[in-house]
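The values are calculated or read from the model by the stated rules, or taken from the named source; none is laboratory data. Quantities reported herein were computed from a predicted structural model and do not represent experimental measurements. Cβ: placed from backbone, ideal geometry, glycine included. Neighbour counts: every protein chain shown.
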Amino acid sequence: MDPLVTDIRACRICADRFAATATGHRPRPVAWFRPGARIVIAGQAPGARVHDSGLPFDDRSGDRLRDWLGLDRATFYDRDRIAIIPMAFCFPGYDAKGSDLPPPPICAATWHDRVFAHLGDVALTVLVGGYAQRHHLGVRSNVTDTVAGWRAHAPEVFPLPHPSWRNTAWLKRNPWFETELLPVLRDRVAQVLGPREGEQE
Ligand code: SF4
């Protein structure tokens, strides 16, 4: 086990914060990375299902994200190729409306410098949702405007909306996302990952 992953999995900084939520859950950091990965998926925070399984994006949002990236599960979960670094490693709980609470800022402040130094250079960073976009790009624009301006960041960085099924209406309102952005993103992912060892080009 990577020692930094072990350290993160042992983190309990937010124990009191999570105990005070409606679910009263304990921290369960979901850390999924290895030095040498070519792609970073920088997301928001695990949802309740991922909190239970311990596997990032092991839910319908993950299915949609894999489709957007053109990846099967085996490739998506290959830590030698893909690192998953959210704004918080733990499920933050629900707000009064049943939506996920924001990722606790203390998590990125505590861990991100070490994690990104540990990873080294990556070829592609995918910023999933507004929290990751504001943090990594330093933007203040809303998700629609940031994603619409994707060409300013490609091909090293692609901002995406959250793949939650709550965003299905957003996808319908913004058809350029599927017709213009996704084909370029899928090409970039395939280019960065290249063929697996033993595969023909
Ligand atoms: S969210 Fe981050 S800082 Fe908080 S307990 Fe989990 S790993 Fe630690």
How many of the residues making up the range 70-127 are under 22 Å from Ala190 (Cβ atoms), in a loop (DSSP other than H, G, I, E, B) and among the aromatic types (Phe, Trp, Tyr)?
1
Any residue in the range 20-28 that is touching a Lys or Arg at 6+ places or on another chain (Cβ under 9 Å), free of Cβ contacts under 8 Å to residues at least 24 places away in the same chain and either in a helix (DSSP H, G or I) or closer than 21 Å to Arg81 by Cβ (or both)?
no
Could you list all residues from the range 154-178 that are within 17 Å of the chain's Cα centre (by Cα), of a type outside the set (A, V, I, L, M, F, W, C) and more than 16 Å from Asp63 (Cα to Cα)?
Glu156, Pro159
From Asp67, Asp95, Asp16, grab the single residue that is more than 15 Å from the chain's Cα centre (by Cα), surrounded by fewer than 17 Cβ atoms within 10 Å (Cβ to Cβ) and away from the ligand (no atom under 15 Å from the Cβ).
Asp95
Counting only residues in the range 34-48 that are part of a loop (DSSP other than H, G, I, E, B) and either among the small types (Gly, Ala, Ser) or away from the ligand (no atom under 13 Å from the Cβ) (or both), the one farthest from Gly194 (Cα to Cα) is identified as Gly47
Selected residue [more than 18 Å from Met87 (Cα to Cα) and either modelled with pLDDT of 95 or more or in contact with a Pro (Cβ under 6 Å, 6 or more places away or on another chain) (or both)] from Leu182, Leu119, Leu127, Leu160
Leu182
How do the pairs read when you match residues in the range 49-60 that are assigned to a helix (DSSP H, G or I) with residues anywhere that are surrounded by fewer than 14 Cβ atoms within 10 Å (Cβ to Cβ), using Cβ under 6 Å and keeping only pairs 6 or more apart or on different chains?
Arg60/Trp165
Which residue out of Asp80, Asp100 is more than 16 Å from the ligand (Cβ to nearest atom) and either of a type in the set (Asp, Glu) or within 19 Å of Arg26 (Cα to Cα) (or both)?
Asp80
Kindly list the number of the only condition in (1) modelled with pLDDT under 95; (2) within 12 Å of the chain's Cα centre (by Cα); (3) not charged (D, E, K, R) that fails for Gly36.
(2)
Counted residues in the range 138-154 being touching a strand residue (DSSP E or B) at 6+ places or on another chain (Cβ under 7 Å) and not hydroxyl-bearing (Ser, Thr, Tyr) come to 3
